[in-house]
Amino acid sequence: MNRVWVAIIKSFAGFFVCALGITMTINANLGLAPWDVFHQGIGSLLGITIGRANILVGLSLVILNHIMGERIGWGTLFNMIFVGIFIDFLMLNGLVPKFNGFIPNFIMMLLGVFTLGVGSYLYIDVGLGSGPRDGLMVALVKRTNRSVGLVRGTLELMAVIFGYMLGGHTGVGTLVMAITGGYLTQLAFKVARFNVKEVEHRFIDDDIKFIKEKIRSKPSSEVEADGEGED
């Protein structure tokens, strides 16, 4: 039971740190990260906050990932919901500062990307599934047999294009984050001595199967107990 609580706490800490990193990149005001351009565009179209748009896009991607055969973890669903909630909490309450000047904003943007990497490590290390956007990337890599870099780059380019068309904010920071995002995430993983390839994920269907097996095995054990009582 203690392991379960540790996993839950670590997961939610990761979601909050991810939201903190995203909010830092937004408040840097040098252009949003590729997916956040799309989230802001959706938010502008529907008249909702960027956090709620994050949740809506995440839900759509979870459904798409499931259709494409990707397994869904509890961490995937919680990521979809709570990262967006935490973004709104941080932004609406003004908990992340804003700076004047290019240099401090540029530094905060890079720190935000690194912070996002730390948050990714925290929740992925628990092994309850990856986020909706990473799940889509994995599904497309499997289906197209293309490299992770090409698929990720294509997805982010499409997110920027459609997000910009819907009113999302782009700038020099968008380009910088698209180029450095992978490297800064890898740096965060290296600092934490975390190898994502060593993580064994547990998915929702694993828990459903476990519960079904428990239900099926219970009657038989009760029957054996009744038989021993009659002897």
Cβ-Cβ under 8 Å pairs, at least 6 apart or on other chains, region 144-157 side among the charged types (D, E, K, R), far side assigned to a helix (DSSP H, G or I): Arg146/Leu140; Arg152/Met137; Arg152/Gly182; Glu156/Pro34; Glu156/Trp35; Glu156/Ala178
Count - residues of region 70-94 that are more than 16 Å from Gly58 (Cβ to Cβ), in contact (Cβ under 8 Å) with a residue 24 or more places away in the chain and either assigned to a loop (DSSP other than H, G, I, E, B) or under 20 Å from the mean Cα position of the chain (by Cα) (or both): 4
Residue that is nearest to Ile161 (Cα to Cα), among those in region 212-227 that are modelled with pLDDT of 85 or more and surrounded by 10 or more Cβ atoms within 10 Å (Cβ to Cβ): Lys212
Index of the failed condition, Gly43 passing every other in (1) surrounded by 23 or more Cβ atoms within 10 Å (Cβ to Cβ); (2) out of contact with any Ser or Thr (no Cβ under 9 Å at 6 or more places or on another chain): (2)
Residues within region 187-209 that are exposed (fewer than 12 other Cβ atoms within 10 Å of the Cβ) and at pLDDT below 85, tallied: 4
Of the criteria (1) more than 18 Å from the chain's Cα centre (by Cα); (2) over 24 Å from Leu184 (Cβ atoms); (3) small (Gly, Ala, Ser), which one Ala28 fails: (2)
First in region 44-61 and closer than 16 Å to Tyr164 by Cα and in the same structural domain as Leu32 (by TED's automatic domain parsing), second anywhere and part of a loop (DSSP other than H, G, I, E, B) and among the aromatic types (Phe, Trp, Tyr), Cβ under 7 Å, 6 or more apart: none
Near pairs, Cβ below 7 angstrom, 6+ apart or cross-chain, from region 188-204 (closer than 10 Å to Gly127 by Cβ and touching a residue at least 24 places away in the same chain (Cβ under 8 Å)) to any residue that is β-branched (Val, Ile, Thr) and assigned to a helix (DSSP H, G or I): Val199/Ile124
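Considering only residues of region 156-165 that are buried (at least 18 other Cβ atoms within 10 Å of the Cβ) and of a type in the set (A, V, I, L, M), which is farthest from the chain's Cα centre (by Cα)? Spell out the reasoning first.
Step one: list which residues in region 156-165 are buried (at least 18 other Cβ atoms within 10 Å of the Cβ), which gives 156, 159-160, 163.
Filter once more, so that each one left must be of a type in the set (A, V, I, L, M): 159-160.
Working: Ala159: 16, Val160: 18 Å.
The extreme case among them is Val160.
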Qualifying residues in region 32-52 (those that are closer than 12 Å to Ala159 by Cβ and of a type in the set (A, V, I, L, M)) - the one nearest to the chain's Cα centre (by Cα): Ala33
Residue identified as in the same structural domain as Tyr121 (by TED's automatic domain parsing), in contact with an Asp or Glu (Cβ under 9 Å, 6 or more places away or on another chain), farther than 13 Å from Ser120 by Cα and modelled with pLDDT under 90 among Ala159, Ala178: Ala178
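Return the only residue of Gly112, Gly153, Gly129, Gly149 being in the same structural domain as Lys98 (by TED's automatic domain parsing), crowded, with 20+ Cβ neighbours inside 10 Å and in a helix (DSSP H, G or I).
Step by step, each of Gly112, Gly153, Gly129, Gly149 is checked, and only Gly112 is in the same structural domain as Lys98 (by TED's automatic domain parsing), crowded, with 20+ Cβ neighbours inside 10 Å and in a helix (DSSP H, G or I).
When the residues of region 95-109 are narrowed to those that are among the hydrophobic types (A, V, I, L, M, F, W, C) and in a helix (DSSP H, G or I), which ends up surrounded by the fewest Cβ atoms within 10 Å (Cβ to Cβ)?
Filtering region 95-109 down to residues among the hydrophobic types (A, V, I, L, M, F, W, C) leaves 95-96, 99, 102-103, 106-109.
This time we only want the ones that are in a helix (DSSP H, G or I), so: 102-103, 106-109.
Values: Phe102: 12, Ile103: 8, Phe106: 16, Ile107: 13, Met108: 21, Met109: 27.
Applying the filter and picking the extreme gives Ile103.
The values are calculated or read from the model by the stated rules, or taken from the named source; none is laboratory data. Bear in mind the structure is a predicted one, so any value in this text is a computation, not a measurement. Every residue, glycine as well, gets a Cβ built from its backbone with ideal geometry; the counts of neighbours run over all protein chains shown.
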